[in-house]
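Rule-based calculations on the coordinates, nothing more; no lab input. Computed from a predicted model, the values in this text were never measured in an experiment. For neighbour counting, all protein chains shown are included, and Cβ atoms are generated from backbone atoms with ideal geometry for every residue, glycine included.
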C-alpha cells in the first residue's frame with residue numbers, strides 16, 4: 001500500500017466534501033444555478049480522483065517512481081482542472097478574472113486522464 005497515494009486521496013476526498021457542502025449551503029445565495037452546477041462539476045471530478053487514488057494505493061509493488069509520477073499528475077491535475085472550475089464558477093465573487101486562466105482546465109483534465117492511462121499501462125506491463 002502506498003501511504004502517500006492513500007493520504008492524497010483521503011485529503012482530496014475530504015476537501016471535496018467540504019467544498020460540496022460549501023456550494024450547497026454557502027454559495028446558493030451568491031451564484032446562479034448554472035454557476036453552482038459548474039462548481040459541483042469541479043467537486044465531482046475531484047472526488048473521482050480521490051477514489052482513484054485510494055484504489056490505486058493498494059496496487060502491490062508500485063514503484064516509488066510510479067507513485068511520485070501519480071502524485072504529481074493527480075495533484076496538478078486536480079489543482080488545474082477542479083481549481084480552475086472553482087475559480088471560473090465563482091468569478092463574479094472575486095477580484096481576479098479567472099477567465100484569463102481558463103486554459104488550465106483542459107490541461108488539468110489531460111493530466112487526470114493521463115494518470116488513468118498511466119496506471120493501465122503499469123498494470124498491463126505487470127501482466128507480461
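Quick notes
- Nearest 10 degrees, 0 to 90: helix 104-127 Cα axis against the chain principal axis: 20
- Computed over segment 1-41, the P(r) tail beyond 13 angstrom holds 57 percent of alpha carbon pairs.
- Relative contact order computed over segment 3-127 (Cα-Cα under 8 Å; 6+ residues apart), in percent: 29
- Over the chain: Kirkwood hydrodynamic radius from C-alpha pairwise inverse distances, Å: 15.3
- The length gained by stretching the chain between residue 113 and residue 101 to full extension, at 0.36 nm per residue less their Cα-Cα distance, is 2.3 nm.
- Highest-first packing order for the peptide set 77-88, 27-38, 109-120 is 77-88, 109-120, 27-38, based on the mean count of other beta carbon atoms within 10 Å.
- Whole-Å distance, taken between Cα centres, linking segment 76-100 and segment 31-67: 17
- Highest-MSF residue in the chain out of 74, 61, 91 [GNM, Cα springs under 10 Å]: 61
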